[in-house]
1. Restricting the search to the range 18-53, which residues are out of contact with any Asp or Glu (no Cβ under 9 Å at 6 or more places or on another chain), surrounded by 10 or more Cβ atoms within 10 Å (Cβ to Cβ) and not hydrophobic (A, V, I, L, M, F, W, C)?
2. Mind checking whether some residue in the range 1-10 is outside any helix (DSSP H, G or I) and surrounded by 10 or more Cβ atoms within 10 Å (Cβ to Cβ)?
3. What number of residues within the range 23-50 satisfy the criterion of being part of a loop (DSSP other than H, G, I, E, B) and either in contact with a Leu (Cβ under 6 Å, 6 or more places away or on another chain) or of a type in the set (Gly, Ala, Ser) (or both)?
4. Which ones in the range 51-77 are closer than 14 Å to VAL38 by Cα, outside any helix (DSSP H, G or I) and of a type in the set (Asp, Glu)?
5. So if I check each of SER36, SER59, SER32, which one is polar (S, T, N, Q) and touching a strand residue (DSSP E or B) at 6+ places or on another chain (Cβ under 7 Å)?
6. For the structure I just gave you, tell me whether TYR72 is without any contact (Cβ under 8 Å) to a residue 40 or more places away in the chain, out of contact with any helix residue (DSSP H, G or I) (no Cβ under 8 Å at 6 or more places or on another chain) and surrounded by 10 or more Cβ atoms within 10 Å (Cβ to Cβ).
Amino acid sequence: MLKSKLLELKEREQKEKIEDLKGVQKDIAWGSQIRSYVFCPYTMVKDHRTNYEVGNIESVMDGDITAFMEEYLKYIAKNKEHK
């Protein structure tokens, strides 16, 4: 009996830890996209969270998203200061 209660408690703690690590997850739905990619008549990638834009869409499509990550981290830090 005690063993099962301890196991249940440990499982609950494990689930809480996983949920904390996951953070907030939004639904994948229309209008919840993070970035827009424009290929024609001009090229641009825009992050809707930070309003950061890049004109070199080829590099972004090849995986160069470091600038987007840095801008998002700045955005998060800035918003934490205002809370």
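Every number here is computed from the coordinates shown, using simple stated rules; none is lab data. Just so you know, these numbers come straight off a predicted model, no measurement behind them. Cβ sites come from the backbone with ideal geometry, for glycine too, and all protein chains shown count toward neighbours.
1. If the condition is that a residue be out of contact with any Asp or Glu (no Cβ under 9 Å at 6 or more places or on another chain), surrounded by 10 or more Cβ atoms within 10 Å (Cβ to Cβ) and not hydrophobic (A, V, I, L, M, F, W, C), then GLU19, GLN33, TYR37, HIS48 are the ones that fit.
2. Within the range 1-10, none of the residues are outside any helix (DSSP H, G or I) and surrounded by 10 or more Cβ atoms within 10 Å (Cβ to Cβ).
3. 4
4. Within the range 51-77, GLU53 is the sole residue that qualifies.
5. SER36
6. Spelling it out, TYR72 is indeed without any contact (Cβ under 8 Å) to a residue 40 or more places away in the chain, out of contact with any helix residue (DSSP H, G or I) (no Cβ under 8 Å at 6 or more places or on another chain) and surrounded by 10 or more Cβ atoms within 10 Å (Cβ to Cβ).
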